[in-house]
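Right, one structure below, let's go through it.
The values are calculated or read from the model by the stated rules, or taken from the named source; none is laboratory data. Every value quoted in this text rests on a predicted model; they were computed, and no experiment measured them. Positions of Cβ are generated from backbone atoms using ideal geometry, with glycine treated the same way; all protein chains shown enter the neighbour counts. Remember, those area values only see protein heavy atoms, side chains included, never the ligands or the DNA or RNA. Shrake-Rupley method; radii C 1.70, N 1.55, O 1.52, S 1.80 Å.
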Amino acid sequence: MIMELYLIIRAGRPGRTGREDVMFLPESIRDLMPGEDYETDDIGMSGASVLVFKDKILKVQDWNPESENEYGMLRYLQDRLPVPHIYAHEVSGGRSYLLMGKCEGQMACAPEYMENQTVLCRLLAEGLKRLWSVDISDCPSDQSLSHKLAQAARNIENGLVDMDNVEPDTFGENGFRDPAALLQWLYENKPDEELVLSHGDFCLPNIFGRNGRVSGYIDLGRAGMADKWCDIALCYRSISHNYGGRYKSRGNSACQEYDDLLLFRELGIRPDWEKIRYYILLDELF
């Protein structure tokens, strides 16, 4: 039986030290917690509670296939890519507790990158290419379309599709009738896949850079073998959102017009707009 101790946090309020809400922690995690102050961070959209210490991160979330996959992929990638060091992991009371090291550098949405499109896209292109260079012959996670579409169906059945965070034209008069109709279209229009190591949520806050080079990948709950265009599509969408879309209000965006072909020039490939649209639509169900 795991004895649980507690930590008091100010949940859901980023950038603030907290002593308001009780979070119960397994002893194996609590024993490794530093005694210093911490802040909470909710830049991402994972729904997890993230506590930021000087050199460690504690991520607490409901146990589910994504949290289990994140731990498994972190273990798999420890010596393959710059991912956080794992100090401890525990599942207790239906919740996952993951204590990790911090990534060096800054998120790709930091001003130093957003203010220079060439530097930003060069960083992101490097991040994608490093993923693709990893040998996936022993990758423990299958995130190909057969897996993703089955999970999307389960998300719909369990009411897990977040309709408040979809693109404006995905559903409604100019889009699909509902998530089930979108899923049917996705099944009927499956593209050919070029399987690589995929991050699964290749968005700017999940990629860290230092001195112009990738220094960390975080939030790997959807990582595994998948079509390379999955990451390209979500990266393209994330750049667009940060420069002119839903995240511009955060103050991340430089006051300039974004060149939406720059990422593809840095990758040395031509955009496949059909696949980009497909994988952005698929992500609406997650």
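For the reader, a short list of remarks on this structure follows.
- For F202, the conditions (1) touching a residue at least 40 places away in the same chain (Cβ under 8 Å); (2) assigned to a loop (DSSP other than H, G, I, E, B); (3) surrounded by fewer than 19 Cβ atoms within 10 Å (Cβ to Cβ) all hold with the exception of (3).
- Restricting region 32-42 to residues that are surrounded by fewer than 16 Cβ atoms within 10 Å (Cβ to Cβ) and either under 22 Å from E68 (Cα atoms) or in contact with a His (Cβ under 7 Å, 6 or more places away or on another chain) (or both) leaves a set whose member that is modelled with the highest pLDDT is L32.
- Any hit, region 228-237, residues being hydroxyl-bearing (S, T, Y) and either at pLDDT below 95 or in contact with a Pro (Cβ under 6 Å, 6 or more places away or on another chain) (or both): no
- Residue that is nearest to the chain's Cα centre (by Cα) [pool: residues in region 61-92 that are charged (D, E, K, R) and open to solvent by less than 60 Å² (accessible area, probe 1.4 Å)]: E70
- Of all residues in region 101-125 being over 18 Å from the mean Cα position of the chain (by Cα) and of a type in the set (D, E), the one that is least open to solvent (accessible area, probe 1.4 Å): E112
- Within region 126-141, considering residues that are open to solvent by 20 Å² or more (accessible area, probe 1.4 Å) and in a helix (DSSP H, G or I), the one nearest to L263 (Cα to Cα): E126
- Any hit, region 216-227, residues being modelled with pLDDT of 95 or more and open to solvent by 60 Å² or more (accessible area, probe 1.4 Å): no
- Conditions (1) in contact with an Asp or Glu (Cβ under 7 Å, 6 or more places away or on another chain); (2) modelled with pLDDT under 90; (3) not small (G, A, S); number of the one not met by K102: (2)
- Any hit, region 245-265, residues being within 18 Å of H199 (Cβ to Cβ), at pLDDT 85 or above and in a loop (DSSP other than H, G, I, E, B): no
- Members of region 47-60 found to be buried (at least 18 other Cβ atoms within 10 Å of the Cβ) and modelled with pLDDT under 90, listed by number: A48
- In this structure, N242 does satisfy being over 13 Å from L128 (Cα atoms) and buried (at least 23 other Cβ atoms within 10 Å of the Cβ).
- Scan of region 142-172 for residues that are assigned to a loop (DSSP other than H, G, I, E, B) and under 20 Å from the mean Cα position of the chain (by Cα), ordered by number: Q143, S144, L160, V161, D162, V166, E167
- Single residue of region 65-94 satisfying the filter (free of Cβ contacts under 8 Å to residues at least 24 places away in the same chain and not in a loop (DSSP other than H, G, I, E, B)) that is farthest from D135 (Cα to Cα): H89
- Here R95 meets each of (1) open to solvent by 20 Å² or more (accessible area, probe 1.4 Å); (2) over 28 Å from L25 (Cβ atoms) with one exception, condition (2).
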